[in-house]
Amino acid sequence: MKRSAVLALVFLVGVASFAWAIDAQNQPPAIGSHNLLGLYTTTTLDHTQFTLGMVGNYLAGPVRFEMKRSGDEFDAVDTLIAGHFYGVVGLFKRVDLMAAASYVQVSGKDLDQINVPGLSETSQTAGGSLGDARLGAKFNILPNKPGWVGLGLNVMASLPTGDADLYAGNDAMTMSGALLLDKQFGRVNLALNAGYKYLGDPSGLEPQGQLFGGAGADVILAKWVGLTGEVVGRTLDYGIDEIDPATPLEGLIGIRFYTQMGLQFLVAGGAGFTDGIGSPLYRGMAGISYTYPALVYGNLPAKKAAYVAPVESPDADNDRDGLTNVYEQKESKTDPANPDTDGDGLTDGEEVNKYHTDPLKADTDGDGLSDGQEVRVYSTNPSNPDTDGDGLTDGQEVNELRTNPLDADTDHDGLADNKDACPLEPETKNGFMDDDGCPEVVLARKASGVVMFENQIVLPTPLTFGGESSSALSKADRALLGDVINILNEFPKVNVQIEGHIAAGQANAATLSEARAQEVRNYLIRKGIAAVRLTAIGLGDQVPIAPNDTPENRARNTRIDFVIVGR
């Protein structure tokens, strides 16, 4: 029964014109000693820091097929032993450049020879070959630090240097990209990878595209000892109906030993949860690596700062930020290897000792400006969101209004910036809308002092009407109104609302204000201004422009306004 399943499998492969291009290693070891076993963390090496290492990999039964109809299983590879050799160099504390090569020794069945007459189904093939070379880069986008979730991107290419007949390579160039997430919780770092792998040559049993991913954790057990575990898998579709495309899924657990000299030792093992390509019955791993300069307490230097071995001197300050390593680890919780933990432009020492800001928060007062901008560029107080006390945050003034965050009245017109509609232009003090903070544009000016602005015609002195209770125009009033008439003739499209106002306290304020407004309108009509251009309204004492507390202010409130309502 088993032999018939094998022959059927070979026949189907021949019909589909597949070449046996199978890489039996579903999850090769991660490149670099600061990752998990096969998964990657977001942590990258320091600038020019490098790691050299090797990992031995033993897989039992990594390639097994199951026929859908019969349920028979076929083991194509009995054992696979691989040695992986890698190098990593860090750039700018945000990028790791990675390269790896491997040598593979395989013992298994040669599927290309199974239906040759005279050979039995148990014929064995054995041999050694280079594996596929790997080149890649890891990018740290968001650091894994307190209050953050680490975010990274891993891109990898493999070159077809392996012998596909020995299941040591894909027989084609591959490209893959993976999103990396991790989060530190004290001694535990959780990691999650998810990505896509593209095969350049769609021939062979490997599908043209694969989704892959996994989750794992790294736990600090004691000084210089860490425990690592993960579950990894990928999607497969062979394109042959008779084969059950079991999704390879594997679990691994290992232990690491670190030294102060930069050496790291790894021992790990695991087993596959499913059948399929690259999901072994069981796996064993052992490795050694050297990092220079040495990693600070293993594979997570920044995140494991709380467990760094004691420094030689209590006054040591590795990043020269003005805070000792001990203080940063125990008190400020900042990174002793980074002089500016929050990246705001101020060293951790300046924030703690001089400015008393939060070295873990780039914008301590939350005003929209970083602490470094406030201190070095704008000279504002990084602990006070409104340095000049004008009711606007320093960030609003700098980024939105372009006002001076150190001056509550930027244009010095007597109105605070938060109450000034035009905070960069001083108010025109003319008795008209003097509380909006905006200058008025003069459209016409007469020798008598009558001025036309965009919204109003303003008289130099109030109309007197011949007495406190009179609505009759005086000679002086008619002279001023003469220039109002001249302006209206110069601007024939301007329409005006004549508003009468009386100071509070006068019994007939509403009636008198209406009568005065009508008298002015009638006079202008008699002098040739079209009635349709003029309206009159009495507002009594409802719209004062000054408190009614002095004779001067009462005189200001008793007035006629010429408001332009159409142009």
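When you look at residue 563, is it aliphatic (A, V, I, L, M) and over 60 Å from the mean Cα position of the chain (by Cα), yes or no? Spelling it out, it is not the case that residue 563 is aliphatic (A, V, I, L, M) and over 60 Å from the mean Cα position of the chain (by Cα). Is there a residue being modelled with pLDDT under 95, more than 30 Å from residue 400 (Cα to Cα) and in contact with a helix residue (DSSP H, G or I) (Cβ under 6 Å, 6 or more places away or on another chain) anywhere in the range 424-446? For the range 424-446, residues modelled with pLDDT under 95, more than 30 Å from residue 400 (Cα to Cα) and in contact with a helix residue (DSSP H, G or I) (Cβ under 6 Å, 6 or more places away or on another chain): present. All conditions but one from (1) at pLDDT 90 or above; (2) in contact with a His (Cβ under 7 Å, 6 or more places away or on another chain); (3) of a type outside the set (D, E, K, R); (4) crowded, with 22+ Cβ neighbours inside 10 Å apply to residue 383; the one that does not is (4).
For the range 70-113, taking the residues that are among the aromatic types (Phe, Trp, Tyr) and under 25 Å from residue 58 (Cα atoms), the one that is modelled with the lowest pLDDT is identified as 74. Looking across the range 345-368, the residues that are touching a residue at least 24 places away in the same chain (Cβ under 8 Å) and crowded, with 24+ Cβ neighbours inside 10 Å come down to 346, 348, 357, 359, 367.
For first residues located in the range 261-272 and of a type in the set (Phe, Trp, Tyr), partners that are part of a strand (DSSP E or B) and lie 6+ apart or on another chain with Cβ distances below 6 Å form the pairs 265/257; 265/288.
The conditions of being of a type in the set (D, E, K, R) and touching a strand residue (DSSP E or B) at 6+ places or on another chain (Cβ under 7 Å) are met by residue 561.
When the range 250-269 is filtered for residues that are outside any strand (DSSP E or B) and either among the polar types (S, T, N, Q) or within 35 Å of the chain's Cα centre (by Cα) (or both), the ones remaining, listed by number, are 259, 260, 262. Exactly one residue out of 45, 52 is at pLDDT 85 or above and buried (at least 23 other Cβ atoms within 10 Å of the Cβ), and it is 45.
Let's see how each residue does on (1) in a loop (DSSP other than H, G, I, E, B); (2) closer than 30 Å to residue 426 by Cβ; (3) not aliphatic (A, V, I, L, M):
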site: 315; (1), (2), (3): yes, no, yes
site: 327; (1), (2), (3): no, no, yes
site: 336; (1), (2), (3): yes, no, yes
site: 340; (1), (2), (3): yes, no, yes
site: 366; (1), (2), (3): yes, no, yes
site: 386; (1), (2), (3): yes, yes, yes
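Output the residue which, of all residues in the range 525-567 that are part of a helix (DSSP H, G or I) and polar (S, T, N, Q), is nearest to residue 494 (Cα to Cα). Among residues in the range 525-567 that are part of a helix (DSSP H, G or I) and polar (S, T, N, Q), the one nearest to residue 494 (Cα to Cα) is 557. For residue 556, indicate whether it is over 59 Å from the mean Cα position of the chain (by Cα) and among the charged types (D, E, K, R). Spelling it out, it is not the case that residue 556 is over 59 Å from the mean Cα position of the chain (by Cα) and among the charged types (D, E, K, R).
When every residue of the range 489-497 is checked against the conditions, at least one turns out to be crowded, with 21+ Cβ neighbours inside 10 Å and at pLDDT 95 or above.
Figure legend. Inter-residue proximity from the range 165-189: first residues farther than 26 Å from residue 216 by Cβ and modelled with pLDDT of 80 or more, second residues small (Gly, Ala, Ser) and assigned to a strand (DSSP E or B), beta-carbon distance below 7 Å, spacing 6+ or different chains. Indicated pairs: 173/157; 173/158.
The values are calculated or read from the model by the stated rules, or taken from the named source; none is laboratory data. Bear in mind the structure is a predicted one, so any value in this text is a computation, not a measurement. Positions of Cβ are backbone-derived with ideal geometry, glycine not excepted, and every protein chain shown enters the neighbour counts.
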